[in-house]
Structure formats: C-alpha cells, structure tokens
Amino acid sequence: VSESTEDVIRRLELGLGDAIAWAQMCRLLDDNFLANETAVTVAQEHFQNAVAVDAGVSRSHGICRTRNEQLRRFQHHVEAITSDSAEVATQNLLRKHEVQLSATVSQKCSSQLRDDLLRTFRDNLRFRTLCSSFLELVTEFTEPLQKVLQEQEKVPAQRGNLDSAGILARLDAMLERLTPWQEVGSMQAFREVEQLLDDCYRISTNLAELVQGRVWETQQYRERSTLPVYWTNWRQQFSQSLERLANGQPFFPAQSSQEVMSLQNCLQESVEATVRRKLFFQETFAEGRENEAAHGLACHFEDCRQNFRAGVEFLESYEFAPDRGSQSLVEMLLGKSDEPLDVPAGLAGDGSPTVRRLHEDSGHREIKLLSYNLFIRPPAPMMTHNRVNDHKDSRLSRFIRDHLPRYDVLCLQECFGAYSFRRDRLIEAAKAVGIKYSVKSVLNRPYHLVDGGCLLLSRFPIVAHDVKVFDVAGLASDGVAAKGVLVARIEYRPGAFLDVVTTHLQATYANYMVAECLQVRLSQLREVVEFTRKQWADHDGARNWPVVVAGDFNCNARRAYNDSSSSDEYNLVTSVLRVLGNPRDLVFEFSGFHPPTYSDTYDEAGLLPKEQVLTAPEDCEVLQTRQRLDFVFWFDPEVPGPAGVFQPKYARVNEFEVDRRVDVGAPVTHLSDHFGIECGFVFESV
C-alpha cells in the first residue's frame, strides 16, 4: 500500500493526476484506511505484549524504574498513535467523498483536490512510518525480556510436597464438625450446614480443575520438554466447562485415560449433587420441614469425602507438580474461590422464590471488614526507611480508588497522621463513599513524636469509642510512636452491636532483641485485653454482642517459613486472648492453615519474594520470609442479643497486588508490605 501511495504522490506532484482513474484513487484511499487500522492494532498488541512481559520479569527480578519509565513513554506513544489514526481516517473518508463528487461532475482533478490528496497521502505515509518506528522501539525493549522468561520456562517446576495425609485429615475434620446431622432446627445450625455445602462445592470444583490441569500440564511437558505457563489458559477452559455444565453438556473434554475420566465424572457428580442438595436443603428448611432437610446429608458428605480422597491421591500419582508459586494444595482447594453464593456459582439460576424469601425474612445481611497494615508511615529521615522510596501517595491513591468502597468496616495500621495530611485525605475519601464514622490514634506529646498509626473506619454509626496509648513503652523506633488500641462499638441496627478493636503491637527489629520484644508485645496485648474488657464493665449481665480484635500483632503464627503449623508465640497470644472468651482466628478457621501476610514468596523454598519494592531487604532473606503477622480474632457473645446474632461467613487474605498489565508502569507490585485480611459477617435477625 505504501509503495502504491508513493507512486500516486509522485504522479500528483508532476501534475499527472488526471491520468489516474477515479476508481483507482478511491481504492487506494480504502487501502490506506485498512492499512492504518492494521498498523494501530499491531502497535497496541506489541505494547500489551511489552507490558505483560515486563510484568512477568518484574515478578521474578523486581520492578525496574527505567523499564517503568519506558513503558509510560510507550503508553503515551500508543495514545498519540490512536489519536492520529482517527484524524488520518477522517481525512481519508473526506478525500474519498470529494473524489466521488468530482467523478460525477468533471473528469479532471482540480488543483485544490490535488493538494488535498497530496496532503492526505503524505499523512498516511507519515503515520505508518511513526507506527513502524514505535514497533522497532517496543521490539528492542521486549526481546531481551522474553529471553529471560524463556530461560525461566526451561527449568521444570519442582515437585511440591502435597502432604496428602495432612490435607485429608483437614478435610475429614471439616466434614465431621457437624454431628449429628439431624439437629438443624436452629438458624445457626442451618447456616453451618449451608456453609459446609459451599465448602464441598468449592473443593469439588477446585479439585476438578487441578486434576484436569495436572493431566494437561504433564502432556504439554512431554511434548515440549519444558513446563509452559498454562494456568491462565486452563482457567479459561475451566470456565467454559462450567458453562457447559450449566447448559446440561459434559463437564470435561474427552480424555484418553479411563481412570481420569472416571475420577472427573465423580467430581462432576459431586458438583451437581452439591448444588441440588443445597437447593433442596434451603427449600425444605424454609418451609419448616427440618427433618426432611437433614435427610441424606450424611450420605452426601461421605460421598464427597471419598471423591476428595481419590482426587488428592490422583494428584500425587503425577510426576510434575503445578507451578503455582507458594500455594499448597490445601490453599488451592479451600482458599481460591470467592465467598460462597446463596446458590453456588449460580449454576441453578437465581434460586426459587422460597429460597430468596428465606434469606430476606431471616434478616441476612453482610458486613465486610478489612484489617490492613497500609504502610503509610510519617515523613522521617532516610535511615528509617525500608527502601529509598515507598511511594505513599501513589499507593494510597490506588487503595482509595480501587478498594475502599468495597468495605463497611476498616481496621487500618500504619496510617499515621503526624506531619502529613494522608490520614485526613483517607478519612475524607471514606466519607465520600458513605464510610462516615472514624476513630484514630492520638498524638501523645511530649512522650511520643508521632501518633500510633491506627485508624478505624465504619459505614455504620459508632455509638461509643475509646483510645488508649500503651503504658509499656515500645522499643527501638516503636518508642517514638504512641502505639495503643482503638475500641469502637458499632450499631449495625437498633439493638444490634459489634465491638471492633484494632491495635499494632511491638515489632522485632533484630535477632538480639527477640526475647525483649516478645515481652513488650505480650504486655501490650494484655493491655489490649484489659482495655477491651473495661468497655463492657458497666453492662449488667452477660455480654450479648460479639467482639472483633484485629490488627498487626507482629507475632509470626507460622512455625517456620516452610511450616504453616502454629508457632509457640501464637499459642501464647491465644492464651492471653482467652480472657475475653474463646478466640476464633477466622483466617485459620476458614482455611485450616496460617497463610503468610508478610514477606510472602512465589516458591515454598522462600527464595523468590513476591513484594520487593517496600519490604525491608533483610526480611526478604529465606529465614525471614513467609510470616503471618496479621489477625482477625472473633469472640462470640456470651448470650444471644435481643435483635439477632452475627455469624462469620468467610475470612481470607487479600494480597492487594497491583495488576501492572492494566496499571502500566505502576511503581509497586503491592499496595503495602503486608497483606490484608478481609472477613464477612452475616447478621441473622431473631
């Protein structure tokens, strides 16, 4: 097209425009139009590929400031190319219209039309030259990064320890927590059975995905001798499988192995049977037929247990483990889906009117709570920084824009108000989205230089609150902050209250300070317990509202970076909290393990940190990685409240990872050096 365009330009410059047929001129304008569209599409695809490749390399080698700046320049180039494309396309259409008009009036090309055509054809050539130059720049940027990714793919993933005995024990314990099955007359028992059915659905679908993915992965490995990145493609295939199931079609594509097909059919039956069982359970319970609702539950759960056991054993029989970073199998089975829906995955539609009425009449409402160390520290000398630049304003803007409106109650740590307006900015942004109530740490001068950094936000009215600065002074840099505890009584509806407590305990800064910091931390925790108890000291009778204690405890609940069982310090913490009642660690309760919330890694060996922009370099060392420092503890009311009761519905870790394929050139991979914990609470009216 460009060669033909150059030839026509030369003929027009020589005054030979009349020798060019009008039809030929129109075709050339059309060809330029299509060629420009192709050039824009290729430029956009190359740019998206560059962003994706950079995101992949950044995951393993960290963010590079130079690459970020280059990507932003590329983004500006693409925007300019897209804008120029629209202008050139308009010119082409106008010239074609003028040529068609001239063809009906005269056989000669006027001087004005000749000049307009020359300008338009030259603009087309200039535009495509610009696109070609851009493609060369992007290719030069992308090629070395692609080589890095190719080198990574040449190394097969190491077989992970599936710990099948531990996984099956956890699954068995989960399925045995409700006995006898016939006692489902209360709303609380109804919710427990409903939650268990959701768990069975989630495990069945996740197991099916892992089984199919393992087979596909091994076949690809044998064909290519390298382990490809397959996870995204497989998730798309699995979503299509769910759609096929909803339409009454086979759930899985055909497989050559009869054993695999048999297992997949069993898992398919578990998915379908669980959906049918839950619908039947909801219908019969809503109509007051509790005994009929409980009929067949034990057999259904026993069938699910057998299928789960077969699925786990099958996964162990394959040679290569899936390359999914640090996720253990139990994390993949229990922690990957969103909170359960009233009808799992909507496979059975919106549910019957009876089911919907059950939830409406029983007063089901959900409160979404987030506990998160935001890492928005006050301005301070460079020697106190984890890294050269922690991008406070950039991270806070992304949190406000992308996440803040989703929550009803937020327990935030390291959100300091001293020497900056960032905390005030967050409070005002929260008010703008309906989160109008707040409690914040105080500035306890002259004893402390900055406030404690805790902030509690609520969409519901805070009818009472109190703030306390710890009597036990902090060590090292903790000593300059007025660390303490915030307590707020939230009135969800008349007569329905929830006490929310947030705190940030002493951190450990060096190995030689471990014992001393532990003593300070436990002393501060005892202050939290006593201060919380004082809030209901004037209450006559037993406490009839629940209590949530959330925050950054700086206590590593994991025994080691490669051992997610409970540590000795975690057991000490829970023993101190027992003064308030039975402490239910919601994340552990819903997942069955201690997921990392600080210095997590993509690999279980602890060699490849996920977050490398904000986390202190010394905490990226192997022995310091994969810590769980953040918690949400739930304390049930001593007696039911007059208006109803709250029940935890889910709890999970949210990494708040920045999708740098969309947020091009973002200076961070995550919004904080910590991960957040988000929970859902359902209120059930009496």
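The values are calculated or read from the model by the stated rules, or taken from the named source; none is laboratory data. Nothing here was measured: the structure is a model prediction, and the numbers come from that model. So basically every Cβ, Gly included, is an ideal-geometry build from the backbone, and we count neighbours across all protein chains shown. The area values use the complete protein model at the heavy-atom level, side chains included, leaving out ligands, DNA and RNA. Shrake-Rupley method; radii C 1.70, N 1.55, O 1.52, S 1.80 Å.
Hey, does the range 68-83 have a residue that's under 27 Å from the mean Cα position of the chain (by Cα) and part of a loop (DSSP other than H, G, I, E, B)?
no
Are there any pairs with C-beta distances below 6 angstrom linking a residue in the range 491-515 that is touching a residue at least 24 places away in the same chain (Cβ under 8 Å) to a residue that is part of a loop (DSSP other than H, G, I, E, B) and polar (S, T, N, Q), with the two at least 6 apart or on different chains, and if so which?
Note: pairs meeting the criteria are 505/554; 507/554.
Residue check, residue 572 against (1) of a type in the set (A, V, I, L, M, F, W, C); (2) touching a Cys at 6+ places or on another chain (Cβ under 9 Å); (3) within 18 Å of residue 634 (Cβ to Cβ); (4) open to solvent by 10 Å² or more (accessible area, probe 1.4 Å), all met but one. Which one?
For residue 572, the failing item is (3).
Among the residues that make up the range 484-504, is at least one of them within 24 Å of residue 601 (Cβ to Cβ), open to solvent by 30 Å² or more (accessible area, probe 1.4 Å) and hydrophobic (A, V, I, L, M, F, W, C)?
no
Do we have any residue at all in the range 521-541 that's acidic (Asp, Glu), open to solvent by less than 30 Å² (accessible area, probe 1.4 Å) and under 28 Å from the mean Cα position of the chain (by Cα)?
No, the range 521-541 has no match at all.
Can you list residue pairs whose Cβ atoms sit under 6 Å apart, with the first residue in the range 432-460 being over 25 Å from residue 548 (Cα atoms) and open to solvent by less than 80 Å² (accessible area, probe 1.4 Å) and the second being modelled with pLDDT of 90 or more and in a loop (DSSP other than H, G, I, E, B)? Count only pairs 6 or more apart in sequence or on different chains.
Close Cβ pairs (under 6 Å, with a partner that is modelled with pLDDT of 90 or more and in a loop (DSSP other than H, G, I, E, B)) amount to 450/416.
Pick from the range 643-665 the residues that are in contact with a Ser or Thr (Cβ under 8 Å, 6 or more places away or on another chain) and not hydrophobic (A, V, I, L, M, F, W, C): which of them is modelled with the lowest pLDDT?
660
Check whether at least one residue in the range 35-42 is surrounded by 15 or more Cβ atoms within 10 Å (Cβ to Cβ) and of a type in the set (S, T, N, Q), and report yes or no.
Yes, the range 35-42 contains at least one residue that is surrounded by 15 or more Cβ atoms within 10 Å (Cβ to Cβ) and of a type in the set (S, T, N, Q).
Taking into account only those residues within the range 292-320 that are modelled with pLDDT of 70 or more and open to solvent by 80 Å² or more (accessible area, probe 1.4 Å), which is farthest from residue 204 (Cα to Cα)?
Checked the range 292-320; the qualifying residue farthest from residue 204 (Cα to Cα) is 295.
For the range 463-485, what are the residues that are in contact with a Leu (Cβ under 8 Å, 6 or more places away or on another chain), of a type in the set (A, V, I, L, M) and either farther than 23 Å from residue 379 by Cα or part of a helix (DSSP H, G or I) (or both)?
467, 480
Can you find even one residue in the range 546-553 that is open to solvent by less than 50 Å² (accessible area, probe 1.4 Å), out of contact with any helix residue (DSSP H, G or I) (no Cβ under 8 Å at 6 or more places or on another chain) and among the aromatic types (Phe, Trp, Tyr)?
No - not one qualifying residue is present in the range 546-553.
Examine the range 523-540 for a residue that is more than 19 Å from residue 635 (Cβ to Cβ) and either aromatic (Phe, Trp, Tyr) or touching a residue at least 40 places away in the same chain (Cβ under 8 Å) (or both), and state whether such a residue exists.
Taking every residue of the range 523-540 in turn, at least one turns out to be more than 19 Å from residue 635 (Cβ to Cβ) and either aromatic (Phe, Trp, Tyr) or touching a residue at least 40 places away in the same chain (Cβ under 8 Å) (or both).
Which condition number does residue 108 fail, the rest of (1) modelled with pLDDT under 90; (2) in a helix (DSSP H, G or I); (3) touching a helix residue (DSSP H, G or I) at 6+ places or on another chain (Cβ under 6 Å) being met?
Single failed check for residue 108: (2).
Only one of (1) open to solvent by less than 10 Å² (accessible area, probe 1.4 Å); (2) over 20 Å from residue 393 (Cβ atoms); (3) among the hydroxyl-bearing types (Ser, Thr, Tyr) is not met by residue 672, so which one is it?
(2)
I need a count of the residues in the range 273-289 that are over 17 Å from residue 202 (Cβ atoms) and open to solvent by less than 60 Å² (accessible area, probe 1.4 Å).
6
Taking only pairs six or more apart or across chains, which ones have beta-carbon atoms under 9 Å, a first residue in the range 1-28 that is modelled with pLDDT of 85 or more and open to solvent by 50 Å² or more (accessible area, probe 1.4 Å), and a second residue that is in a helix (DSSP H, G or I) and among the charged types (D, E, K, R)?
Close Cβ pairs (under 9 Å, with a partner that is in a helix (DSSP H, G or I) and among the charged types (D, E, K, R)) amount to 1/31; 1/128; 4/31.
Within the range 400-421, work out how many residues are under 22 Å from residue 452 (Cα atoms) and surrounded by fewer than 20 Cβ atoms within 10 Å (Cβ to Cβ).
Within the range 400-421, residues that are under 22 Å from residue 452 (Cα atoms) and surrounded by fewer than 20 Cβ atoms within 10 Å (Cβ to Cβ) number 5.
Which of the residues that make up the range 461-480 are among the basic types (Lys, Arg) and farther than 18 Å from residue 551 by Cβ? Spell out the reasoning first.
Residues of the range 461-480 that are among the basic types (Lys, Arg), as a first pass: 468.
The answer is none; no residue qualifies.
Hey, can you tell me all the residues within the range 88-104 that are free of Cβ contacts under 8 Å to residues at least 60 places away in the same chain and open to solvent by 50 Å² or more (accessible area, probe 1.4 Å)?
Looking only at the range 88-104, we keep the residues that are free of Cβ contacts under 8 Å to residues at least 60 places away in the same chain, and these are 88-91, 94, 97-98, 101, 104.
Once the filter is applied, which keeps residues that are free of Cβ contacts under 8 Å to residues at least 60 places away in the same chain and open to solvent by 50 Å² or more (accessible area, probe 1.4 Å), the range 88-104 yields 90, 94, 97, 98, 101, 104.
List the number of the failed condition for residue 465; all other conditions in (1) under 25 Å from residue 651 (Cβ atoms); (2) open to solvent by less than 40 Å² (accessible area, probe 1.4 Å) hold.
(2)
Being out of contact with any strand residue (DSSP E or B) (no Cβ under 7 Å at 6 or more places or on another chain), touching a residue at least 24 places away in the same chain (Cβ under 8 Å) and within 18 Å of residue 138 (Cβ to Cβ) is true for just one of 63, 81. Which residue is that?
Going through 63, 81 in turn, just one is out of contact with any strand residue (DSSP E or B) (no Cβ under 7 Å at 6 or more places or on another chain), touching a residue at least 24 places away in the same chain (Cβ under 8 Å) and within 18 Å of residue 138 (Cβ to Cβ): 81.
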